[in-house]
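*Asks:* Sharing a structure with you now.
The values are calculated or read from the model by the stated rules, or taken from the named source; none is laboratory data. Bear in mind the structure is a predicted one, so any value in this text is a computation, not a measurement. Positions of Cβ are generated from backbone atoms using ideal geometry, with glycine treated the same way; all protein chains shown enter the neighbour counts. With ligands, DNA and RNA removed, areas are computed over all heavy atoms of the protein, side chains included. Shrake-Rupley method; radii C 1.70, N 1.55, O 1.52, S 1.80 Å.
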Amino acid sequence: MKATAVARANIALVKYWGNLDARLNLPAAGSLSVTLAGLETRTTVTRGGASRDRLMINGDAVSPAALTRARRVMDAARALAGHDSEPLLVESVNSFPTAAGLASSASGMAALAVATAGALGLELPPEQLSTLARLGSGSACRSIFGGFVLWRPGSRPDGSDSHGVQLHPAEYWGPRVVVVVVAEQPKPVSSSEGMALTAATSPYHQAWLQGADRDLRQARAAIAARDLGSLGQVAQRSCLRMHANMAATDPPLIYLTSSSWRIIEGVQRLQGQGVPAFFTADAGPNIKVFCEAEAEAKVASEMGKIPGVKQIIHARPGEGAALV
Ligand code: DP6
């Protein structure tokens, strides 16, 4: 009657920013990410635990909008299990700031998909758990898998072939990720809303989408060669082009703050000194710095000196979502 799952956040190296179908979160292009040990969501789903669906995150009931989103995953799992109207109690705890661009929606929806399927007695292959998680948050489909993960957009209108695929497991390569937190509040505009606004109003959006295949090819080759320098070149480019596309919307969508830019400058200073490191950022002001293991301490100490930095979290490639 009850199942608990753990899932981890993921950080995209080639970014997802644009849907073909916003209801099903079917992306307009592929994307590629690393699942991160160190940024975890633990979710318990209980059948018969409430008279109607309830979702608590870190002990607080969520907004009606957040519940509606989670119910896309819960409804799809209930339909598969043939338990259409069974209410579920969902209790979720994040080990990191919620909704501040640290991909809590990804780890949250991945943990929700696995725990809901578990509580309903469904034994689904990871690809199908990935499509379930995707209904709650697109990027969550990648957190079902560990290590280096590709999201294949798929071509079926029902989204059944739009899911993550593991390229390499977590232990394949161990670059470190220094997560530099400058804001701990939720972001003002969700990624889904931001993507819709960008597609509707940014004159750069088509050019952005056209760059995805080349970025994916280059990122996959860099990962296959365990080449942090080449990976950094494509990841920084994908990140900055995504943020340029966001900033070109009407009204503008600016997620990076002055603190974010100071960190980016700090990473560039380290690169100038020959330190193997690169930056990336999702739809929020926090910056993730990838580096070789031997540079981690230096990167963290330099980042910690920058004004505006509130917290540093150490992460590295981690496992996919699983029942515990
Ligand atoms: C910028 O699929 O996480 O992180 O669920 O609305 O937060 P929401 O959308 P989500 O969008 C992710 C966008 C991104 C880039 C990426 O992860 O590829």
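*Asks:* Measure off 7 Å from each Cα along the Cα-to-Cβ vector at residue 80 and residue 160, then give the distance between these two points in nanometres to one decimal.
*Replies:* 1.2 nm
*Asks:* Next question, about the same structure. Using the Cα centre of the chain as origin and beta-carbon charges of +1 (Lys, Arg) and -1 (Asp, Glu), tell me which of 293, 125, 112 is placed farthest towards the positive end of the dipole.
*Replies:* 293
*Asks:* Please list 29-38, 175-184, 189-198, 108-117 highest first by mean number of surrounding beta-carbon atoms within 10 Å per residue.
*Replies:* 108-117, 29-38, 175-184, 189-198
*Asks:* Further, regarding this structure: Just how far, in whole angstrom, is region 250-324 from region 34-72 if you go by their alpha carbon centroids?
*Replies:* Here the answer is 27 Å between Cα centres.
*Asks:* Let me have the 222 nm mean residue ellipticity of the chain computed from DSSP H runs of 4+ only, each contributing -39500 (n - 2.57), with the sum over all residues rounded to the nearest 500.
*Replies:* Value at 222 nm, helices only, nearest 500: -12000 deg cm²/dmol.
*Asks:* Can I ask one more? Looking at region 189-237, which trypsin sites (Lys or Arg not before Pro) are DSSP coil and have at most 14 other C-beta atoms within 10 Å of their C-beta?
*Replies:* Here the sparse-neighbourhood loop sites are 226.
*Asks:* By how many degrees, between 0 and 90 and to the nearest 10, does the Cα long axis of helix 126-136 differ from the longest principal axis of the chain?
*Replies:* Here the helix axis deviates by roughly 90 degrees.
*Asks:* State, to one decimal in nm, how far the label point of residue 244 lies from the label point of residue 21, with both points 7 Å from Cα in the Cβ direction.
*Replies:* 3.2 nm
*Asks:* Regarding region 241-297, what is the average projected area of its C-alpha convex hull, in nm²?
*Replies:* Here the figure is 4.2 nm², rounded to one decimal.
*Asks:* Just to verify a number: FRET efficiency for residue 2 and residue 184, C-beta to C-beta distance, R0 = 30 Å, to 0.05?
*Replies:* 0.45
*Asks:* Of the options 284, 246, 274, report the single residue whose Cα projects farthest towards the positive end of the charge dipole of region 230-296 (beta-carbon charges: Lys, Arg +1; Asp, Glu -1).
*Replies:* Of the listed residues, the answer is 246.
*Asks:* Roughly how big is the chain's charge dipole about its Cα centre, with Cβ charges of +1 (Lys, Arg) and -1 (Asp, Glu), in debye to the nearest 20? Don't jump to the answer; show the numbers that get you there.
*Replies:* Details: 31 positive and 26 negative charges, 53 e Å.
Computed charge dipole of the chain: roughly 260 debye.
*Asks:* Once all Cα-Cα distances of region 207-319 are split into 5 Å bins that start at 0, what whole-number percent is in each one?
*Replies:* 2, 11, 20, 22, 21, 14, 8, 2, 0
*Asks:* Per residue, how big is the convex hull around the C-alpha atoms of the chain? Give it to me in cubic angstrom, could you?
*Replies:* Hull volume normalised by residue count: 120 Å³.
*Asks:* Right, something else. Gain in length, residue 213 to residue 58, computed as 0.36 nm per residue apart minus the alpha-carbon separation, to one decimal in nm?
*Replies:* Here the segment from residue 213 to residue 58 would lengthen by 52.0 nm.
*Asks:* Can I ask one more? Roughly to the nearest percent, how much of the accessible area of region 72-167 is carbon and sulfur, given a 1.4 Å probe?
*Replies:* 51 percent
*Asks:* Let me spell out the model: positive unit charges on the Cβ of Lys and Arg, negative unit charges on the Cβ of Asp and Glu, origin at the Cα centre of region 52-123. What dipole size does that give, in debye rounded to 20?
*Replies:* It works out to roughly 180 debye.
*Asks:* How long is region 71-207 along each principal axis, judged by its Cα atoms, biggest number first, in Å?
*Replies:* Its Cα atoms span 43, 37, 31 Å along the three principal axes.
*Asks:* Moving to a separate point now. Taking the simple approach of a point 7 Å from Cα along Cα-to-Cβ for both residue 258 and residue 152, what is their distance in nm?
*Replies:* The two pseudo-label positions are separated by 4.8 nm.
*Asks:* OK, next. Can you work out the accessible area per residue across the chain, with the rest of the protein chains kept in place, probe 1.4 Å, in square angstrom? Could you put the intermediate results ahead of the total?
*Replies:* On the way: 13180 Å² over 324 residues.
Accessible area per residue, the chain: 41 Å².
*Asks:* Note the count of lysine pairs whose C-alpha atoms are less than 23 angstrom apart in the chain, limited to pairs 8 or more residues apart or on different chains.
*Replies:* Number of lysine pairs found: 8.
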